[in-house]
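Heads up: the structure comes next, in structure tokens.
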């Protein structure tokens, strides 16, 4: 516990800033792609989960809120939530919703659909978000992607926050789709490495 | 005297690294990104990782020695 703090122990500030920026200008949501590509690149090139283990600002945010701020009940997560079928099922569901979001973005790019300045929470609730939209660079599709991606980030924060309250602070990590995916990549990598 | 050591259920571990962060002895590592490994030589059985683990897949094993 008395471990010296490293620079990456403060990445929760970046995550928090990201969420706040989305309230002012939705185009900042594009930066969230970093939380998508960095863990993938690390797991593919290094074959480990250093992103989860060290750099994930969202995990740190939940650890702080549930730990230092004492918001968490710190109860055990239910068995089904850590089971393989739920973790992989949630990953598949997340992927499907992600591709649907990409499809919607494409439709706006193509001009078939109009831009919708709303953030979709929990894949269901459309929350008006027009105040954070001040025009896109060259296509409405750019903004549509930002709204879609921010919806994903906010939804996962809400889910993670609820399970942080109910169970252990970082219970989001148990079913985090990025975590499950990078673990899968690591499994695949180490199987193929050991066969060489 | 009974000795306590932390044991990870490797099949259920999600390799998030919470245990690694909280371990005062630096006894935990996640070398392959698949599950956490505990160095039994370093582990003093304090149980911090057991409390921290969000999946609750670490237990303290008590052995007489």
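The values are calculated or read from the model by the stated rules, or taken from the named source; none is laboratory data. Source: prediction; values computed, not measured. Ideal geometry is used to build each Cβ from the backbone, glycine not excepted, and the neighbour counts take in all protein chains shown.
Remarks
- Total residues in segment B:1-37 satisfying the condition of being part of a strand (DSSP E or B) and out of contact with any helix residue (DSSP H, G or I) (no Cβ under 8 Å at 6 or more places or on another chain): the figure is 6.
- When residue A:165 is tested against (1) surrounded by fewer than 19 Cβ atoms within 10 Å (Cβ to Cβ); (2) out of contact with any helix residue (DSSP H, G or I) (no Cβ under 8 Å at 6 or more places or on another chain); (3) more than 9 Å from chain B (Cβ to nearest Cβ), just one condition goes unmet, and that condition is (2).
- Of the residues making up segment A:59-80, just one is surrounded by fewer than 17 Cβ atoms within 10 Å (Cβ to Cβ) and within 20 Å of the chain's Cα centre (by Cα), namely A:64.
- Criterion violated by residue A:158 - all others in (1) within 19 Å of the chain's Cα centre (by Cα); (2) more than 14 Å from chain B (Cβ to nearest Cβ); (3) surrounded by 16 or more Cβ atoms within 10 Å (Cβ to Cβ); (4) free of Cβ contacts under 8 Å to residues at least 40 places away in the same chain satisfied: (3)
- Selection of segment A:48-68 for residues being farther than 24 Å from residue A:181 by Cα and modelled with pLDDT of 95 or more yields A:64, A:65, A:66.
- Output for segment B:30-52, where each listed residue is under 9 Å from the mean Cα position of the chain (by Cα) and under 13 Å from residue A:53 (Cβ atoms): B:36, B:37
- Odd one out for residue B:54 among (1) surrounded by fewer than 22 Cβ atoms within 10 Å (Cβ to Cβ); (2) part of a loop (DSSP other than H, G, I, E, B): (1)
- Annotation: residue A:135 fulfils all but one of (1) free of Cβ contacts under 8 Å to residues at least 60 places away in the same chain; (2) in a helix (DSSP H, G or I); (3) more than 30 Å from residue A:184 (Cβ to Cβ); the unmet one is (2).
- Residue within segment B:23-40 that is modelled with pLDDT of 95 or more, within 30 Å of residue A:193 (Cα to Cα) and more than 13 Å from chain A (Cβ to nearest Cβ) present: yes
- Single unsatisfied condition, residue A:176 versus (1) within 10 Å of chain B (Cβ to nearest Cβ); (2) more than 19 Å from residue A:15 (Cβ to Cβ); (3) surrounded by 12 or more Cβ atoms within 10 Å (Cβ to Cβ): (2)
- Residue that is nearest to the other protein chains (Cβ to nearest Cβ), among those in segment B:48-65 that are more than 23 Å from residue A:84 (Cα to Cα) and at pLDDT 95 or above: B:48
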